[in-house]
1. If I take every Cα pair under 8 Å that is 6 or more residues apart in the chain, average their sequence separation and divide by the length, what percent do I get for the relative contact order?
2. Would you calculate the separation in nanometres between label points at SER130 and MET279, each defined as 7 Å from the Cα along the Cα-to-beta-carbon direction?
3. In whole Å, what three semi-axes, largest first, describe the equivalent ellipsoid of region 1-77 built from its Cα gyration tensor (square root of 5 times each eigenvalue)?
4. Run the numbers on region 414-570 and let me know its relative contact order in percent, using alpha-carbon pairs under 8 Å that are six or more apart.
5. Could you work out how far helix 620-635 tilts from the main Cα principal axis of the chain, as a 0 to 90 degree angle to the nearest 10?
6. If the cut-off is a Cα-Cα distance under 23 Å, which lysines reach LYS239, setting aside same-chain residues fewer than 8 apart in sequence?
7. What is the ratio of the Cα radius of gyration of region 229-370 to 2.2 N^0.38 Å, where N is its residue count, to two decimals?
8. Can you give the relative contact order of region 258-355 as a percent, counting alpha carbon pairs under 8 Å and 6+ residues apart?
Amino acid sequence: MCGIAGIFHFESRRKVDPVLLRRMTDLLTHRGPDDSGYFIEGRTGLGHRRLSIIDLKTGGQPMTTPDGTVTIAFNGEIYNFRELRKKLKASGHSFQTNSDTEVILASYRQWGTKCLEQFNGMFAIAIWDSSRNRLMLARDRLGIKPLYTAVVDNTLLFASEVKSILAHPKFKRQADPESISSYLGYRCVPGDRTLFKDIEKLSPGHLMVCENGYISREQYWDIPFKPGGRDQGEEHYIKKISALMKKSVKRRMISDVPIGAYLSGGLDSSIIVSLMAQMSNEPIKTYTVGFPEEDFNERGFARAVADMYGTDHKEIIIDDRDYTDMIPELIRYKDAPLAVANEVPLHIMSRELKKDITVVLSGEGADELFAGYGRIFRSPFDFERSRFLENDKTILPEYREQLLSKIRQIYGAGSFLDELDHFTRKYHWMSMLDKERLLSRELLDNIDNDSRVMKVFADQFKTAEGLSHYEKLLYVFQKIHLENLLMRVDMTTMATSVEARVPFVDHELIEYVFNIPFHHKIRWKSDVHRVMAAYMSSDEISEVFDTPKYILKKAFTGSLPEEVITRKKMGFPVPLNKWLGGRYMNFIKEILLDRRTYSRGIFNVPAIEKIIGSEKVEDHNTALKLWMLMNLEIWFREYIDKPEGGVVPAVETRLEHEAV
């Protein structure tokens, strides 16, 4: 696990500035505190910061092939590198190290850019092939590892974090209004944009090639779906899921440094801990974070799992003071406003566990794969009934109005233009009505009614043509929502030099589970429950009349305490509305009602002032909206107001591993 940075001049005669490359790379020291390396060959420069996990002695980077023609800087882990190594040896390749990095180099020599299809892992890769004058950048299938790019002064810059690109003296920092709106609407910037104009993300499952003066992009992987496949039955799926999960966890336990697991007390992390414990000769180290407020704690469930498997368990308790003090620091690590309120406790937990371990397994990805967000993945039921009410006039008026009023309350409308309209009304965090109330007229005039992000969603729905409405939502969540969660776990862990691995985001598992019929993922509790739910909204139905993640729960029934299997989803809540009556409200006011915020022209400050005029905000959704606005303003202060904001100056020292 590491951080990478690089420079590629499109003009072949230009030379890489070693001081700039050094600075870009050293800004990633938190991602790789154990070692650094630099490679320069004319117009191309690669920088690497290393967090040593596998092959501690000989896995340094950038790494070059013995003939000096191919060089790599790589962030991540290739879990099947030992199997690939055997395969490559049989084809005549030899190896000088025991690292996965050298296996990537040999794979590139064997298969070219098609080598990406061979890898099971998480990665952001930069390969310079001097024999072809070709630079290849690639990102793993689901976007576990980040990779950002920008073209500045006829030069391609790339890095694991945005701050490295900002270090270029000719990069002009400008906020992108449409991305600001996307962040407020969806807690992320879907697609390949970022909050900075002219900085993009390389999309998951994509590669970029710079060759002959041109940049080309190619998608090398997508979820392979097979609509209408044969239902092979519950028992078959249970056995296959159990086997694939065991294989995925086993792969992610490969490490030459201490390893542990997050244990929230929810189903997903509990499954991972149970599998780790069964495959380990020593007690697994597990970690839980919680709050003094009992309504927001899952510690009891986590203890039950820890006791069942005899783990070495630690609990970390945080309060509002810990929380507020950490926000500006985390924004500087992330180069963006925080996306969800639990990023702070996740980071605090990562900082604590770093005292004991370097690798941690986490449960991200299960909800997107097994339909764990019940109220969202049940919501096509609302869409179906709204269409039915439009076309069938025989329904008694009182029943019609009863259901329509519930649908209007959730979606702001009783009918939908299409499936995309339904999705965006359900998925948004801050609606366009909210934005019209809370944002300035100037900003609203520059976002074109969110047309850019709507196109991102529309393109995904078009790709998923042929799937059911329910399966389309699963596809979009795998492609868009999951990336945001993975970026969160990457930032909160790498800021403390911890590597997070996510067993549910194994492409072999995803390729199999995605094609399991949907009714095995969310199951009606009975036919009677389905009939009883006819005049209820999806919010009322979820986890009362149906069971989300049904097949996953069945696969691990008996392996976990019953209360963990049957409990309702909490989603790692943070008691923001509880805290808004005290010191945290003062923190909000200091930021959002400050003269600098008013003069920025982004927010409708009088409207915000009205909301926080009282000393306490009881509604959790309102509290989260204020939290997001506050985050955005802190980001502006850290990154737009200051020429060097978010960037810690690097100390200039001698370049190591440099090739000239």
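The values are calculated or read from the model by the stated rules, or taken from the named source; none is laboratory data. Just so it is clear, the structure is predicted and the values come from calculations on it, not from any experiment. Reconstructed Cβ throughout: ideal geometry from the backbone, glycine too, with neighbour counts over all protein chains shown. When the accessible area is computed, the model is the full protein with side chains, heavy atoms only, and any ligands, DNA or RNA have been set aside. Shrake-Rupley method; radii C 1.70, N 1.55, O 1.52, S 1.80 Å.
1. Numbers: 1173 pairs, mean separation 116.1, N = 660.
The normalised contact order for the chain reaches 18 percent.
2. 4.0
3. 22, 15, 8
4. Relative contact order here is 13 percent.
5. 30
6. LYS239 reaches LYS226, LYS247, LYS250, LYS521, LYS525, LYS549, LYS553, LYS554.
7. For region 229-370, the normalised Cα radius of gyration is 1.16.
8. With pairs under 8 Å counted, the relative contact order is 26 percent.
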